[in-house]
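Student: What follows is a structure written as structure tokens; I'll ask about it next.
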Amino acid sequence: MHFCEELRCGLLVQPANAISSLAFVVVGLCLFRIIKRRSVFTLFPVSAVLVGITSFLYHASWTFFFQVFDVSSMFMLSCLLLTFNAWRLGLLTTRRLPWAYAALLGASISAMLILRGRSGEGLFAGEVIVYLLTEAILFKKRPGTRYEFFLWTFATFLIAFIIWNLDVHEIVCDPRNHFLQGHAVWHVLNSFCFYFLYRFYLQFGPELEGP
């Protein structure tokens with residue numbers, strides 16, 4: 001993969017992109033403090049922390065080995081949303097939700113490794129589309145759902161995606177700026193999506209926080 005920030009020799013090959021990845025870890029740790037007891041909601045901070053760690057290791061080392069983990073970390077979010085919506089559709093029980101999440105995550109990573117190339121991005125996009133379709137179905141089935149934080153997530157991700165494209169295609173690009181990069185902004189903005197999505201699904205707490 002290619003990003004605007006040029007590669008350096010040292011412990012941090014891409015300093016801005018690496019350090020900004022830790023925003024996911026910060027948000028994840030904050031969510032751990034907010035969530036008082038262990039429940040399926042714990043999957044949000046766990047996923048956020050893992051995304052931050054894998055992204056940091058990839059941009060710090062710039063090796064293919066950690067790139068696999070970095071791309072795989074995108075599935076941690078898409079698979080989490082798919083399994084939560086599968087529960088809302090009545091396809092999963094609360095007890096089986098974490099296991100279904102792990103199974104879907106494993107299947108997504110395996111498919112990426114088998115297909116290779118840039119299949120990871122395509123699979124992630126496909127899962128996001130499926131998620132939005134399930135949300136459209138639920139919008140009709142459960143009209144009382146509050147969508148404020150869902151819209152915050154969508155708006156934040158859209159802005160981040162525009163900035164990501166400006167960086168990747170070097171439309172707005174200063175390779176030697178190791179303090180501020182478009183891809184770094186993409187990291188920081190998307191880290192907030194974990195909080196917004198947690199708040200969105202929190203409204204289903206009494207039903208989700210079962211045994």
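Student: Can you give me the relative contact order of the chain as a percent, contacts being Cα pairs under 8 Å and 6 or more apart?
Tutor: For the chain, the relative contact order is 31 percent.
Student: Something else now. Roughly how much of Leu92 is accessible, in Å² to the nearest 10, using a 1.4 Å probe?
Tutor: Surface open to solvent at Leu92 totals about 40 Å².
Student: With θ taken as phi - 60° and the coefficients 6.51, -1.76 and 1.60, list the Karplus ³J(HN,Hα) couplings across the stretch 47-61 in order, rounded to whole Hz; mark glycine and proline as x.
Tutor: So the Karplus estimates, Gly and Pro as x, are 5, 4, 5, 5, 4, x, 5, 5, 5, 4, 5, 5, 6, 6, 9 Hz.
Student: Report Rg/Rh for the stretch 7-64, rounded to two decimals, where Rg is the Cα radius of gyration and Rh the Kirkwood radius.
Tutor: 1.13
Student: About the Cα centre of the chain, what is the dipole size in debye to 20, counting +1 per Lys and Arg Cβ and -1 per Asp and Glu Cβ, all else neutral?
Tutor: I would put it at about 920 debye.
Student: Which FRET efficiency value, to the nearest 0.05, do you get for Phe161 and Ile137 by plugging their Cβ-Cβ distance into 1/(1 + (r/R0)^6) with R0 = 22 Å?
Tutor: Efficiency computed from Cβ-Cβ geometry: 0.40.
Student: Using the charge dipole of the chain (Lys, Arg: +1 at Cβ; Asp, Glu: -1 at Cβ; taken about the Cα centre), state which of Gly120, Trp164, Leu92 has its Cα farthest towards the positive end.
Tutor: Leu92
Student: So what's the angle, to the nearest 10 degrees on a 0 to 90 scale, between helix 119-141 and the longest Cα principal axis of the chain?
Tutor: 30
Student: Using just the Cα positions, wrap the stretch 25-127 in a convex hull and report its mean projected area in square nanometres, one decimal place. Could the numbers behind the result be given before it?
Tutor: Values: hull surface 27.8 nm².
Quarter of the Cα hull surface area: 6.9 nm².
Student: Still on this model: Taking a ≥ b ≥ c as the square roots of the eigenvalues of the Cα gyration tensor of the stretch 90-158, is the shape rounded (a/c under 1.5), prolate (a/b larger than b/c) or oblate?
Tutor: Since a/c reaches 1.5 but b/c is at least a/b, the shape of the stretch 90-158 is classed as oblate.
Student: Just to be sure I follow: if Rg is taken over the C-alpha atoms of the chain and Rh is the Kirkwood radius over the same atoms, what is Rg/Rh?
Tutor: Here the Rg-to-Rh quotient is 0.97.
Student: According to a simple spin-label model (label point 7 Å from Cα along Cα-to-Cβ), what is the distance in nm between Val172 and Arg8?
Tutor: Placing both labels 7 Å along Cα→Cβ, they lie 2.2 nm apart.
Student: Moving on. Under 17 Å from a point placed 7 Å out from the Cα of Phe69 along the Cα-to-Cβ direction: which residues of the stretch 89-113 have their backbone N that close?
Tutor: The answer is 106, 109-110, 113, whose backbone nitrogens lie closer than 17 Å to the label point.
Student: Also: Return, in residue-number order, each cysteine of the chain whose C-beta is not under 4.7 Å from any other cysteine's C-beta.
Tutor: Cys9, Cys30, Cys79, Cys193
Student: Residues of the stretch 160-191 with backbone nitrogen within less than 17 Å of a virtual label 7 Å along the Cα-to-Cβ line of Ala125, please, listed as ranges.
Tutor: Residues 160-170 qualify, since their backbone N sits under 17 Å from the label point.
Student: Counting alpha carbon pairs within less than 8 Å and at least 6 residues apart, what relative contact order, in whole percent, applies to the stretch 90-211?
Tutor: 29
Student: Still on this structure: Against the longest principal axis of the chain, how steep is helix 22-34, in degrees 0 to 90 to the nearest 10, with axes from Cα atoms?
Tutor: Rounded to the nearest ten degrees, it is 30.
Student: Moving on to the next point. What is the stretch 60-182 by shape, rounded, prolate or oblate, if you read a ≥ b ≥ c off the alpha carbon gyration tensor as root eigenvalues and call it rounded for a/c under 1.5, prolate for a/b larger than b/c, and oblate otherwise? The partial results should precede the final answer.
Tutor: Numbers: a/c = 2.60, a/b = 1.43, b/c = 1.81.
In terms of gyration-tensor shape, oblate.
Student: What percent does the relative contact order of the stretch 1-124 come to when contacts are Cα pairs within less than 8 Å and at least six residues apart?
Tutor: Computed value for the stretch 1-124: 21 percent relative contact order.
Student: Please compute P(r) over all alpha-carbon pairs of the stretch 56-104, binned at 5 Å starting from zero, and give each bin as a whole-number percent.
Tutor: Pair shares across the bins are 5, 22, 22, 14, 12, 11, 8, 6, 1.
Student: Here is a further query. Nearest 10 degrees, 0 to 90: what angle lies between the long axis of helix 148-168 and the longest principal axis of the chain (Cα atoms)?
Tutor: 20
The values are calculated or read from the model by the stated rules, or taken from the named source; none is laboratory data. None of the values given here were measured: they were computed from a predicted structure. Don't worry about glycine lacking a Cβ; one is built from the backbone with ideal geometry, like all the others, and counts go over all protein chains shown. Heads up: the accessible areas ignore ligands, DNA and RNA and are worked out on the full protein's heavy atoms, side chains in. Shrake-Rupley method; radii C 1.70, N 1.55, O 1.52, S 1.80 Å.
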